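Take a look at the structure set out below.
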Amino acid sequence: MKVTSWFKALLVLMVFFIASCGQKNTVGNKKVFRLNYSSGALEAIDPAFAKDIYQIWTCHMVYNTLVETDSNLNITPSLAKSWDVSPDGLHFIFHLRGDVFFHDNEVFPSGKGRRMTAGDIVYSFSRVINPKVASPGAWIFNSHVDSSKPFEAINDTTFQLNLKHNFRPILQLLGVAYCNIVAKEVVEKWGKDYRSHPCGTGPFSFNYWDEGNNLALVKNNHYWEKDAQGKQLPYLDGVQISFIDSKASEFMMLRQGRIDFMNNIDGSFKDLIFDKNGNLKPDFKGKLKVEKNTYLNTEYIGFNTDTTNELVKNSPIKDRLVRQAINYAIDREKIVLFFKNNMCIPATHGFIPKGIQGYKPSADYGYKYNQAKAAELLQQAGYPKGKGLKPITFQVPDNLVDIVNYITTDLKAVGIPAKIETIQPNILKQQMSAGKVPVFRGNWMADYPDAETFLVVFLGSQPAPPNYTRFKNELYDRWYDAAISLPDSARYEMYAKMDSLAMSYAPLIPLYYDMRIHFLQNNITGFKSNAMNVISLKEADINGQ
């Protein structure tokens, strides 16, 4: 007898309700925030290698950046209390706080954390672009900073960043996890082993790491930041992280009170927990806090548009009209309803997602479900009702097949033959980078709160990533070069024009703009996150039962 994923989910949920929900997140008078990383592992606690969400979260607890992105996507002071920009936009002068100290560490005299200075900023940023370090975050600076003197410590509390061209989004980039500040002495003592011996200036310091099992961080009693009432942060005494690599098990832990927070949910549970409007079902109301907010992530189907590629030159996807027809043939509203319980937004207004400047809710350059238009475009392309059209094969990660299965049904309704090949996610990414897949399922998440992070995906000079579709257009590239030096309002208008131009060529199919879904225990307060799904625990607190 075959047991469906829905039935398996039901069995697990039956266990949830039987299990105890009373385990406490306090030990004596100590408050410990508990969460799980469902990847099952953590590669490093080193900003230079903070390339996935769990590394980003951990670095955000242990380190600080010059500036931060708050819950409203505003750039706010952090290690830098203020900054000035030269009239030509090439020099950013940051005035640093003088009361920030690194965590206590045996490397420092008497084991006491020393004061952070501008020299630490220079060292940290130089380390990111050092080829010997091979940081995946080098892209932040490499194409933008002055090659001879990119970073300068004017004095202990003044740091200067020098650009080779005006690049307005650079300030937003400085809040990315790669730009967290490290202490040279500690990095050089541990070398490659620094990954498991981190030392930052953040609200929590490293305590213990049993890799694959548990990670413990403790309150930094010398943390520099205070709340609005002048009380020192953080409120928590510690953070405990487990590494159970199953979202189903993670949800069980949440329901049993063994963790305090969970990010998103396993797809097999969504219909048991939420109704089709995204509301909690009665059995779950009042038992957990659920926060649903904008997530700057666009889910899409991509086309390789490089007509010199052997996989593309004889494929119907090389034809712009066919790609447009496919876009019109897909009912995104039903995808969002049936597969996401209306907890995301149909991507009918371009590639830039809702929640960031450059997105236009009134835009008419996206694609809405229109079978008649799809049929008309197929006719123009020389494939009336799909006659003569070779089957289109979608390469899909084995954990994301359901939506693409539905899409193939939509396509067949207008005469477009389609099939699916499943592939492991990491292998698919490698083949996307190598140009070995003509049609693929992908997504693009914002690294920083400027729509340039979505538009660089179509820049002709870029490799894959980010330009997995190999899209090239001279006008688009000229607009990009002009946009990055414009003031905010003019830049956002140009962003919308660029999105419109790219969409007219249909190098990809935007499916939906995502939403971040967070579950919290009822006694958690002060938990914050932003639209890039970076969580903050410095103001989180645990109230009494």
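You can think of it this way: the chain between residue 488 and residue 543 has 15.7 nm of extra reach, that is 0.36 nm per residue less the Cα-Cα gap. Simple spin-label estimate for residue 71 and residue 29 gives 2.9 nm between the two label positions (7 Å along the Cα-to-Cβ direction from each Cα).
How high is the relative contact order of region 295-514? Use alpha-carbon pairs under 8 Å, at least six apart in sequence, and give a whole percent. Normalised by residue count, the contact order of region 295-514 is 35 percent.
Approximating the spin labels as points 7 Å out from Cα along Cα→Cβ, the residue 166-to-residue 126 distance works out to 3.0 nm. Packing order of peptides 263-270, 223-230, 193-200, 179-186, highest average first: 179-186, 193-200, 263-270, 223-230 (average count of other Cβ atoms within 10 Å over each peptide's residues).
When the alpha-carbon atoms of region 241-296 are used, the pair Rg, Dmax equals 11.7, 32 angstrom. Here the Debye sum runs over all C-alpha atoms of region 295-514 as equal scatterers in vacuum, and log10 of I(q)/I(0) at q = 0.12, 0.13, 0.16 Å⁻¹ comes out as -0.60, -0.71, -1.11.
For the chain, the Cα gyration tensor yields ellipsoid semi-axes of 40, 32, 19 Å (square root of five times each eigenvalue, largest first, whole Å). For the peptides 456-463, 62-69, 494-501, the ranking by mean Cβ contacts within 10 Å, running from highest to lowest, is 62-69, 494-501, 456-463.
With a Förster radius of 25 Å, plug the Cβ-Cβ distance of residue 376 and residue 400 into 1/(1 + (r/R0)^6) and report the FRET value to the nearest 0.05. If you can, show how the numbers build up before the last one.
Details: r = 30 Å, r/R0 = 1.21.
After rounding, the FRET efficiency stands at 0.25.
The order of the peptides 431-438, 322-329, 291-298 by mean Cβ neighbours within 10 Å, most packed first, is 322-329, 291-298, 431-438.
Where a number appears in this text, it was derived from the coordinates with a stated rule and is not lab data. Since we're looking at a predicted model, the values are computed, not measured. Every residue, glycine among them, receives a Cβ derived from its backbone with ideal geometry; neighbour counts consider all protein chains shown.
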